[in-house]
Every structure is written in C-alpha cells, then in structure tokens.
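The next block holds one structure in the form of structure tokens; read it before the comments.
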Amino acid sequence: MNQSVGRKKAPPRHCKLTKRVVDALVAPASGQTFLRDSVLKGFGVRITAKGAIAFVVERRINGKPQRITVGPYPALTVEQARNEAQALLGKIVTGYDPVKEREEMRLKGITLHEAFKAFRQARTNLSPKTLYDYHRVMEVALSDWQAKTLREITKDMVVTRYHKLGKERGPAYATLTMRCLRSVLNFAMNQYEDSEGNPILRDNPVLRLTRTRAWYPSKRRQTLIRVNQLPAWFKAVRRLRDEKPIPLATTLADYFELMLFTGLRRSEAARIRWQDVDLVARTLTIPQTKNGEPLTLPLPEHLVELFAARQHTASGPYVFPGEGHPGPLVEPRAGVQWVIQQSGVTFKLHDLRRTFITVAESLDISAYAVKRLVNHKMSRDVTAGYIISDAERLRDPMERIAKYLLEKSATPTASIIELATRRSR
C-alpha cells in the first residue's frame, strides 16, 4: 500500500512570493508560519495565528541570526517589500545594524511612566508609606510628565515645576516631588544603557536644584503634644475608637496610642506583624528599623491590654492592616484629621514620637535609656558601647512613661475646644 496516499501535503518553505501566494497563506493554529522568497535570499513573509501578515528580512548580524520586520501586508505590496528588503540587506552587508538601532530608539523613547514602573519593581525594599507618597507625586504633581520621554525632562522644567509646587502646595510637597523624581531618574541612569554601555541619561536634571542651591531650606519640626493638650487628645482618640465615625476607626485609634506610648516611627508601627508581638514576655520586636538595627521593646501593661483586645478583631499577619488589601496600614490621614477636629489639638504622626521622647526626658530617664527606647544610634559614644540595654532593663523606664501619659490623659483639664467656646460667650 502506498503510504503517501491520504497524507496532507506540507506547505512549501520556499517559493517566489507573489500577491497570489501571499493571499493564499493560511494562519496556523498557534505561533506563526514563515514562507521564504526564492528570488531574494533573506526575504520572506510570516503569518501569525491571528492572521496578521508581515514581510521580514533574515540575516546574521554580529554572528547572531536576526529577523527584522520590513512592514505589514497589504500596506506594502510584495514588490515594494522586496525592494525595501533588498535595500536593507545591502545596508546590513556594509555594517548597518537595524537591531541595535531599534533598541536605541526604544531606549530613547522610554517615558517617565515606564521608568517609574521599572523603579517600583526593582525597589522592593521601599516602605509602603514611601511607595504611597511616590505614587501620589506621579499621579498629581507630575501627572502631565508621565508620557514624556526621560530626555524631554530638562533642568529648566525641573526648576520651574519645583517653584510652582512650592508656591501652590508648599515647600515640603515640592521637595518631596523632586526627591522622588531624582530617585527615579537616578535609577534610570543605571538601568538603561545603549549598546556601548553608556547611560541614556548623562545627567540628572534635578541636580540643578543642588548645584544652584535652590532647594527650600529644611526646618526641623519642634512640634509635639503638650501636657495640657493630652486630655483633649486622648478623649478624641477614645471617641474615635468607640463611635467609629470613619473606616478603620478602631485600628487608627490603637495605632495612634501605640505610637505615643512607644515613640515608634509611623512606618515601623504600621508594619508590626503578630509574629513579632509576645504577650507572654510582654515584648514587641521591630525587625526592620530606620537605622538597620532590630529593636525589641518592653510593653507596658496598657499596651499589653491594647494588643490583647486587637487579637480578637484584627485578621491577617499585620496588627494594623490596611483597608481593602492584605498589607499594612498606609495612610492614616483621615484619622489624624478627625482627632484634630474633635480635640482642637493640631498634630502630625511624628509629633507623637517627639512627645514620647520629651516625656521620657522630663522624667529624668537616662539619656542612654531614652536613646535605646527610640533606637537612636550612639556610634560616637565610647561609653555607650559598654552598656547593654535589653528589653528588661528598659521595662521600668517604659512603665514610668506610660504611667505619666495615662495620668496626664485623665487630668480634668478643659479641652481647647471647650476653652474656645467659653471665650466666645
């Protein structure tokens, strides 16, 4: 029996390409099919599973086989494509590298949006708060720059936008914006290089602000919650927990109290996991801190009760979870504003840390103990290197601070709002 009978004839791999041949191409079930021209070596046509047809040139370039698209069919006729292919093959023979040119054109066309996306994927160590701030900067302050290529962002543009933001949104916001942009562009300078290994950006335009000393002066904040403001502040925080006027009210109230009673930074407090809380040993461990050294704190009785209560309400790995996602709390602004409105005490989250430190110093707690509690490095202090302050050594100072805060929170002092009301009568 002739085994060839009934077999489907395989399509040819080489033939003279004509309109009739190209029109007769059948799309494969998957991938793509190539048909090479028998007239011009290196010229061919491909058809994808979706039926898209394009002419191509195949050639070894720098020892590697490369396939370059000439153009789509029927936008190009067979004869037009063959002529284009012949010209391209001729240029390749003389040393022209279309692959290199295409890659350099792609690099030149990278936009700020694309660079920021790559930056986020590479910088996995950024805190949730930093990522949130950078996202907001890109979406609001630099929204009209997202489609611009990196090379289009000039030094003059940076300076003009910086001062515009400073005037409209304040110096701090303007500085945050340009620090974010500087980080993304520094990343791009090391991430994107041409075929010669040179960065596509030779200089970071944000450096104009540094070289001309145009940055707004940075003033260290000295604000905190005063002793006479503590009753009104605590009353508002407890109302936030009891009345639940906003989403995450209980979480935010507990978060604020934890920061006041420990002096933790906002990101350190927000990222606490249940695995780092030991209610038996009454300790809290922060594995990742600003100075890179893990911190273990003793928990005063007030915070032990707070964590125990949260165990019955919080779910997931984080003690203070965010809303609608499995990650930690990111933006507590709504809670801060609510407490300010209800108490009349204007504060920022870092003011809670300053308040903790100020209270500790007012109780004549040793400077070494205070530094250990807030995890400040003492690398230049020779004596500090001989002092070992473990969690138990810090327990008494922590309890004293907590006792003081609780006593002052219960002081029958009228709140600022009540005082203002009386004055207006």
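The values are calculated or read from the model by the stated rules, or taken from the named source; none is laboratory data. Note that the structure is a prediction, hence the values are computed from the model and not measured. Positions of Cβ are generated from backbone atoms using ideal geometry, with glycine treated the same way; all protein chains shown enter the neighbour counts.
Below are the figures for this structure:
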quantity: Entirely in segment 245-359, the helices (runs of 4 or more DSSP H) that have 3 or more residues that are of a type in the set (S, T, N, Q) and assigned by TED's automatic domain parsing to the domain that holds F234; calculated: 249-262, 333-343
quantity: Within segment 260-289, considering residues that are farther than 21 Å from V336 by Cβ and basic (K, R), the one surrounded by the fewest Cβ atoms within 10 Å (Cβ to Cβ); calculated: R273
quantity: Residue selected from segment 12-27 under the condition β-branched (V, I, T) and either assigned to a loop (DSSP other than H, G, I, E, B) or not assigned by TED's automatic domain parsing to the domain that holds P74 (or both), by the criterion farthest from F55 (Cα to Cα); calculated: V26
quantity: Test: residue in segment 189-202 that is under 27 Å from L329 (Cβ atoms) and either surrounded by fewer than 14 Cβ atoms within 10 Å (Cβ to Cβ) or touching a helix residue (DSSP H, G or I) at 6+ places or on another chain (Cβ under 8 Å) (or both); calculated: no
quantity: L209 being in a helix (DSSP H, G or I), closer than 30 Å to P332 by Cα and not aromatic (F, W, Y); calculated: no
quantity: Sole exception among (1) more than 28 Å from A188 (Cα to Cα); (2) at pLDDT 80 or above for I68, by number; calculated: (1)
quantity: Elements of type helices (runs of 4 or more DSSP H) in segment 112-192, at least 1 residues being within 15 Å of the chain's Cα centre (by Cα) and touching a residue at least 60 places away in the same chain (Cβ under 8 Å); calculated: 112-122, 128-136, 171-191
quantity: Qualifying residue in segment 310-319 (condition: out of contact with any His (no Cβ under 6 Å at 6 or more places or on another chain) and under 17 Å from K129 (Cβ atoms)); calculated: yes
quantity: Filter result for L35 (buried (at least 16 other Cβ atoms within 10 Å of the Cβ), at pLDDT 90 or above, outside the structural domain of R151 (by TED's automatic domain parsing) and assigned to a loop (DSSP other than H, G, I, E, B)); calculated: no
quantity: Qualifying residue in segment 47-57 (condition: among the basic types (K, R) and under 44 Å from the mean Cα position of the chain (by Cα)); calculated: yes
quantity: Residue in segment 323-332 that is among the acidic types (D, E), at pLDDT below 95 and farther than 26 Å from Y404 by Cα present; calculated: yes
